[in-house]
1. Considering amide H positions built from the backbone, and no H for Pro or chain starts, which residues 5 or more places from Gly37, or on another chain, come under 5 Å of its amide H?
2. When the Cα centres of the stretch 10-61 and the stretch 84-98 are compared, how far apart do they sit, in Å?
3. Can you give the Kirkwood hydrodynamic radius for the chain, in Å, rounded to one decimal and based on Cα pairs?
4. Taking Cα pairs under 8 Å and at least six residues apart, what relative contact order does the chain come out at, in percent?
5. Below 13 angstrom from the Cβ of Val78, what's the summed charge of the other residues (Lys, Arg +1; Asp, Glu -1)?
6. In whole percent, and with a 1.4 Å probe on the protein chains, what portion of the accessible area of the chain is carbon and sulfur?
7. Output the 0 to 90 degree angle, nearest 10, between the alpha-carbon long axis of helix 60-79 and the longest principal axis computed from the alpha carbons of the chain.
8. Per residue of the chain, what 222 nm ellipticity follows from adding -39500 (n - 2.57) for every DSSP H run with n ≥ 4, rounded to the nearest 500?
Amino acid sequence: MSYPSLAPFVMKRPWLRNMLTPLAGWYSNASGYRQLGLRADDLISEESEAVLKALERLPPQEAYDRVYRMRRAIQCSVTHKLLPKDQWTKPEEDVPYLRPLLEQIRAAEAEKEALDTLTVVKGH
């Protein structure tokens, strides 16, 4: 399920983007997923068909890295400990790897739906 986003609105207004960027950085650090070695796309729920298709399209190394990060985070959660600071995910490493694939899949599904519901009107 997709939720509405304010990102396009914020990105079109430089003054608003400059004001919210520090807040966004603080929020990402406060959420705690980076201290467990996770990336933001690791938090996307695997319950939808589109996400499952995107996971199948991941390159083998990226899929392996995702599983490794998840298992390491689960182990940290079980032991109630955080990773050492040198193993935390750095902001420059926290780049989207699953969202671009999700966007491609959703665009393809929308195109297929549009073509499937296409009605042909005969001209005179």
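The values are calculated or read from the model by the stated rules, or taken from the named source; none is laboratory data. Here the structure is a predicted model, which is why all the values come from computation and not from measurement. Glycine also receives a Cβ, built like all others from the backbone with ideal geometry; neighbour counts cover every protein chain displayed. Side chains included, ligands, DNA and RNA excluded: accessible areas come from the protein's heavy atoms. Shrake-Rupley method; radii C 1.70, N 1.55, O 1.52, S 1.80 Å.
1. Those qualifying (amide H under 5 Å, at least 5 residues apart or on another chain) are Thr89.
2. The two parts, judged by their Cα centres, are 11 Å apart.
3. Radius from the Kirkwood sum: 17.4 Å.
4. Computed value for the chain: 33 percent relative contact order.
5. Summing Lys/Arg as +1 and Asp/Glu as -1 gives +3.
6. 62
7. 50
8. -18000 deg cm²/dmol
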